[in-house]
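Trainee: Structure provided below as structure tokens; questions to follow.
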Amino acid sequence: MNIVIIGKGNVATNLDYAFRKKGIACEMVSSREGLDQLPPANVYIYAIKDEALAEVVAQVKGKERAMHLHTSGSMPITVFGEDKPHAGIFYPFQTFSKVRVIEDFSTVPLFFEARGIDDISAVYSLALTITSHVYETTQHDRERLHVAGVFTNNFTNLMYTMAAELLKNTHIPFSALLPLIDETSAKIHSLAPRDAQTGPARRGDENVMNHHMDLLNDEQKAVYRLLSEEIKKRR
């Protein structure tokens, strides 16, 4: 088997590494050039931005026998037209960076979709070569998983950024927050997120919350107020 990954970004880099580590021939190509002369492959994986996906897929011609997969959490399988009868979705659910390649891909959940029983079996087998956590899913469920990922990862990282900004003019390094971050993450391996919630909003401690508000600028106050109200609703 050989795989061509269209794209050279974060997801592409990590998938390329994962397949190569398992001894599978894999090659990354740019989505911006040479799509009319792609090297032959059994599988073409489109690891590119959602807004470019349909345009790039349309430029790939003459690969009817190959499997065509995209890695988007929100784009439908119908982005692949009739000229690509063997098509599906290959969605690894993790945060990826080029500068921090995931060494052990076997723990990464991978959600897939495909057309027809034979293609479902083929994509499932492909996924199992790099991870033991493989799940067939639907467009409905995958879209909601993608949004859940934004809350879990992207919004959480924004909170880290805002916390770092709050400490900027102090003598306290951001690293002082790392044990708290680690324990917060560790707790939800054994507790439901709602049960793990702590803090002044969870306790209904208005005095502490009002004092915090006095320390914040308008942007920070808006975020603090919104999130505190949501926590209080779930007490």
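Trainee: Past 25 Å, Cα to Cα, is the threshold; run LYS22/LYS98; LYS8/LYS61; LYS22/LYS187 against it and keep the listed order. Before the final figure, lay out the partial values.
Mentor: Values: LYS22/LYS98 19 Å; LYS8/LYS61 20 Å; LYS22/LYS187 33 Å.
The answer is LYS22/LYS187.
Trainee: Please give the helix 218-233 orientation as an angle from the longest Cα principal axis of the chain, in degrees from 0 to 90, rounded to the nearest 10.
Mentor: 90
Trainee: Using the alpha-carbon centroid of each, what span in Å lies between the stretch 13-49 and the stretch 167-235?
Mentor: Centre-to-centre (Cα) distance: 42 Å.
Trainee: Then there is this: Of the listed peptides 38-44, 3-9, what is their order by residue-averaged count of other C-beta atoms within 10 Å, with the highest listed first?
Mentor: 3-9, 38-44
Trainee: State, as an integer percentage, the relative contact order of the chain based on alpha-carbon contacts under 8 Å between residues 6 or more apart. Before the final figure, lay out the partial values.
Mentor: Working: 298 pairs, mean separation 29.7, N = 235.
13 percent.
Trainee: I would also like to ask the following. LYS221: which lysines have alpha carbons under 19 Å from its alpha carbon, excluding same-chain residues fewer than 8 sequence positions away?
Mentor: Within the straight-line cut-off, LYS221 pairs with LYS168, LYS232, LYS233.
Trainee: Can you work out the FRET efficiency for the pair LYS187 and GLU51, with r the C-beta to C-beta distance and R0 = 41 Å, to the nearest 0.05? List each step's numbers first, then the result.
Mentor: Working: r = 37 Å, r/R0 = 0.91.
That pair, LYS187 with GLU51, gives E of 0.65.
Trainee: As I understand it, the value is the acute angle between the Cα axis of helix 156-166 and the longest principal axis of the Cα atoms of the chain; what does it come to in degrees, rounded to 10?
Mentor: Between the helix axis and the principal axis of the chain, the angle is about 40 degrees.
Trainee: Further question: Hey, what do the phi angles of the stretch 194-199 turn into as Karplus ³J(HN,Hα) couplings, whole Hz, using 6.51/-1.76/1.60 and θ = phi - 60°, x for Gly and Pro?
Mentor: 5, 6, 7, 5, 10, x
Trainee: Same structure, new question: In whole percent, what relative contact order does the stretch 142-233 give with Cα contacts below 8 Å and a gap of six or more residues?
Mentor: Details: 21 pairs, mean separation 17.8, N = 92.
Computed over the stretch 142-233, the figure is 19 percent.
Trainee: Thinking of the chain as a set of Cα atoms, what percent of all their pairs are more than 30 Å apart?
Mentor: Tail of P(r) above 30 Å: 39 percent of Cα pairs.
Trainee: Quickly rank 20-28, 183-191 as a protection proxy: mean count of other C-beta atoms within 10 Å, highest first. Spell out each step's value before the answer.
Mentor: On the way: 20-28: 14.6, 183-191: 11.2.
With the highest mean Cβ count within 10 Å placed first, the list reads 20-28, 183-191.
Trainee: Here's another thing I want to ask about it. Nearest 10 degrees, 0 to 90: what angle lies between the long axis of helix 139-149 and the longest principal axis of the chain (Cα atoms)?
Mentor: Approximately 40 degrees, to the nearest ten.
Trainee: Given the -39500 (n - 2.57) contribution per DSSP H run of 4+ residues, what per-residue ellipticity at 222 nm results for the chain, rounded to the nearest 500 deg cm²/dmol? Write down the numbers at each step before the final one.
Mentor: On the way: 10 runs with 100 residues, N = 235.
Helix contribution divided over all residues of the chain: -12500 deg cm²/dmol.
Trainee: What residues have an amide H closer than 5 Å to that of MET28, excluding those fewer than 5 places away on the same chain, when H is modeled at 1.01 Å from N in the peptide plane?
Mentor: Amide H neighbours of MET28: ILE5.
None of the figures in this text is laboratory data; all of them are computed from the coordinates on show. As the structure is a prediction and not an experimental result, all values here were calculated from the model. Every residue, glycine as well, gets a Cβ built from its backbone with ideal geometry; the counts of neighbours run over all protein chains shown.
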